[in-house]
Amino acid sequence: MFLERKLKDQSVWINIDADDIEKNEQIYQDYNIDLETIEYALDKNERAHMDYNRENGTVLFIYNVLNLATEKDYYETLPMTFIVQSNRLITISNEDNAYVVDMMKAYTEHHEPVSVYKFLFASLELISNSYYPVIEQLDKRKDEINRILRQKTTKKHLFSLSDLETSMVYLVAAAKQNNMLLEHIKSHAVYRGFDELETEQFEDAMIEARQLVSMTDLIAQVLSQLSGSYNNILNNNLNDNLTVLTIISVLLAVLAVITGFFGMNVPLPWATDKNAWLYIVTISIILWALLTKLLKWVVNKE
């Protein structure tokens, strides 16, 4: 959706829908947006970074935002474009990150007019804050799945744990890239031109970005440890099952060997005794019992 809001003094914030840019090339010409920037804005796989154009002073920011409209079983992130041109901030959004535009619009309605950079960094802080409810939801889901898996390890809940791991991989990568972007701004010449309010808002955005990295990284490490633990448990269960099957096969082999002798066409003891099968069964049971104790002792010793 196209949106225009006045900021402090003569500054203005303009939001452009990415679909409109694809349909109408005149839009980016009207707002003096070069083709390279458009390619960044339309690339859904673009990573968070900053690009400074020395010729016209335009600064491009690509920031990772959470994709709340995903239809998958895990969360992903997608880039959102912020373009700073002298007294104008341009955002390029789509239907997946339109909620960020709503948050920015609400900010302009509930705060006094601010400068372009203060509004930019306030928006980046809002984006970082939007991660927290999802992270808390994933953390609760992690505890719930862990509790269920402790009772019974099922394939369904192992897949759920895998989805949580996948979500955290995306969130950790996005949070770290966003933090690196802000670190890059701090070392850039643009940072030295900020006034006191802009610097303060930038520091607030930096604090939230660092906190987001810490939270996502911690949960990702816990999930990785849980996944490794349950993987070891499954391997141990598999070994136990194989051990039981091996013992059973050895015990069955005893009966096969004994009865095999009596299937031979040679003279054998009890060949004409009508009670021979009782003797054979008794001997087999005694051998089974002895072998069972022996195999159990071997397994327990290992």
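The values are calculated or read from the model by the stated rules, or taken from the named source; none is laboratory data. What you see is a predicted model; the values in this text were computed from it and never measured. Backbone-built Cβ (ideal geometry, glycine too); neighbour counts: all protein chains shown. These area figures cover heavy atoms from the full protein model, side chains too; ligands, DNA and RNA do not enter into them. Shrake-Rupley method; radii C 1.70, N 1.55, O 1.52, S 1.80 Å.
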* Go through (1) under 22 Å from Y40 (Cβ atoms); (2) in contact (Cβ under 8 Å) with a residue 40 or more places away in the chain; (3) open to solvent by less than 50 Å² (accessible area, probe 1.4 Å); (4) over 21 Å from the mean Cα position of the chain (by Cα) and name the single condition V84 misses. => (2)
* Is it true that some residue in segment 25-40 is of a type in the set (S, T, Y) and open to solvent by 50 Å² or more (accessible area, probe 1.4 Å)? -> yes
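Just checking, which of L182, L164 is open to solvent by less than 50 Å² (accessible area, probe 1.4 Å) and under 30 Å from N56 (Cα atoms)?
From the options L182, L164, the qualifying one is L182.
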* Inside segment 257-279, can you point out the residues that are at pLDDT 75 or above and part of a helix (DSSP H, G or I)? -> L278, Y279
